[in-house]
């Protein structure tokens, strides 16, 4: 089957019914849209049909760690403490993300790190920022001060870690 429009269809798209010329530019030609957008703290997918599959955590020391979104279980947000993500795979992993304005929408207004991003699995990466980067961003957008990753084989070890590193998230 031929997906190309017929000559008559092309001509109809170019000419009005009265015969005057219409400049037609496809949306793709008019404004190519990048699939990924970024802010200083994270990158996210713009399109509603694409899903990253994995979340990359970029640490300040140059190391990156990826977790499949399929492993992401419950997560908690406390503005004074940060985000606590729980990934369940071969082991249990907790990721503690500390920063400021973590739920603040970006300038476009349609996405933030929490509800519009992680909840909808749109976030591709999150990165730790240095003090200068955080200062430049200020209160205008999210900043990521630290990302802590811990793995656990037992529930007791997990509870002990939360008690020591993120007591606001004890349940």
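Run residue 40 past the list (1) assigned to a loop (DSSP other than H, G, I, E, B); (2) loosely packed, with under 14 Cβ neighbours inside 10 Å; (3) at pLDDT 75 or above and report the number of the one that doesn't hold.
(2)
For the list (1) within 14 Å of the chain's Cα centre (by Cα); (2) at pLDDT 95 or above; (3) exposed (fewer than 12 other Cβ atoms within 10 Å of the Cβ), I need the number of the one condition that residue 47 fails.
Going through the list (1) within 14 Å of the chain's Cα centre (by Cα); (2) at pLDDT 95 or above; (3) exposed (fewer than 12 other Cβ atoms within 10 Å of the Cβ), residue 47 breaks only (2).
For residues that are touching a residue at least 60 places away in the same chain (Cβ under 8 Å) and surrounded by 19 or more Cβ atoms within 10 Å (Cβ to Cβ), scanning just segment 88-117, find the one that is farthest from the chain's Cα centre (by Cα).
Once the filter is applied, the top-ranked residue is 94.
Would you please name the residue that is farthest from residue 103 (Cα to Cα), looking only at residues in segment 123-171 that are touching a residue at least 40 places away in the same chain (Cβ under 8 Å) and in a loop (DSSP other than H, G, I, E, B)?
The qualifying residue farthest from residue 103 (Cα to Cα) is 153.
Restricting the search to segment 50-63, which residues are in contact (Cβ under 8 Å) with a residue 24 or more places away in the chain and surrounded by fewer than 16 Cβ atoms within 10 Å (Cβ to Cβ)?
51, 59, 60
Regarding segment 85-101, can at least one residue be identified that is outside any strand (DSSP E or B), within 17 Å of residue 38 (Cβ to Cβ), in contact with a strand residue (DSSP E or B) (Cβ under 9 Å, 6 or more places away or on another chain) and modelled with pLDDT under 95?
yes
The values are calculated or read from the model by the stated rules, or taken from the named source; none is laboratory data. Quantities reported herein were computed from a predicted structural model and do not represent experimental measurements. For neighbour counting, all protein chains shown are included, and Cβ atoms are generated from backbone atoms with ideal geometry for every residue, glycine included.
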